[in-house]
Amino acid sequence: MAHDPGMIQPKRKQPAAPEMETDLLRIQQLSQEHDDENWKFRSWLKQNAPDSIDGIVKALSQKYFSLIDCTQCANCCRSPQTEFKRIELHAIAKTLGQSMEAFEKQFMSEGMVNPPCPMLDGKLCSIYENRPEVCRSFPHLEQPGFTTRLMGVIDNVAICPIAFNALEELKTKLGWLHGRHNRQR
């Protein structure tokens, strides 16, 4: 059959991005269900990430930061143990009116601040404008070297709606669908 220039050619269907998920219980459940898949994706991505991966992930991070209000979640302040710089710990202890020793005894174990963060007041950080760097950059998607930090990213997927949604959309964008390595060109 000859090509008819007036005939509309069918477009290749792009896989649809997953629906955005913000329910923390559902995110935790889906993260557990996707655990094997995420580790396979991590292994695949270490070998097959495009050169532009940091930019792709940064754009996804910014997209989900614009859609999800962290101050309505604060799960990152309630979930993981966190390591702060010593100078940040001193500032937090001072804000709480405590000596560093009293702060360590009350809020820390093995050099890490235990959850929930002592600066958390409901779902808001009481020192938000002066919060530690690790808090400012969480879930750490916009830092360079994304493929070198994938273990931490996978850990954050279970507690952060931004990380969860960004990783799920990244799988779709790269054409990696549930272990079928259908990378689109």
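The values are calculated or read from the model by the stated rules, or taken from the named source; none is laboratory data. Since the model is a prediction, treat every value here as computed from it, not as a measurement. Heads up, the Cβs are rebuilt from the backbone with ideal geometry, glycines too, and the neighbour counts pull from every protein chain shown. Surface accessibility is based on the protein's heavy atoms, side chains included, excluding ligands, DNA and RNA. Shrake-Rupley method; radii C 1.70, N 1.55, O 1.52, S 1.80 Å.
Here are a few things to note about the model shown:
- Residue check, Thr82 farther than 26 Å from Trp176 by Cβ, touching a strand residue (DSSP E or B) at 6+ places or on another chain (Cβ under 8 Å), loosely packed, with under 15 Cβ neighbours inside 10 Å and at pLDDT below 95: no
Let's see how each residue does on (1) farther than 19 Å from Val153 by Cβ; (2) touching a strand residue (DSSP E or B) at 6+ places or on another chain (Cβ under 9 Å); (3) of a type in the set (Phe, Trp, Tyr):
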residue	(1), (2), (3)
Phe41	no, yes, yes
Cys76	no, yes, no
Cys117	yes, yes, no
Glu142	no, no, no
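- Here Trp44 meets each of (1) open to solvent by 60 Å² or more (accessible area, probe 1.4 Å); (2) part of a helix (DSSP H, G or I) with one exception, condition (1).
- Taking the listed residues Ala93, Ala102, the one that is of a type in the set (Gly, Ala, Ser), touching a Phe, Trp or Tyr at 6+ places or on another chain (Cβ under 6 Å) and either crowded, with 18+ Cβ neighbours inside 10 Å or outside any loop (DSSP other than H, G, I, E, B) (or both) is Ala93, with no other qualifying.
- Screening Val57 against (1) open to solvent by less than 50 Å² (accessible area, probe 1.4 Å); (2) over 13 Å from Ala163 (Cα atoms) leaves a single unmet condition, (2).
- The number of residues in region 66-76 being outside any loop (DSSP other than H, G, I, E, B) and open to solvent by 70 Å² or more (accessible area, probe 1.4 Å) comes to 3.
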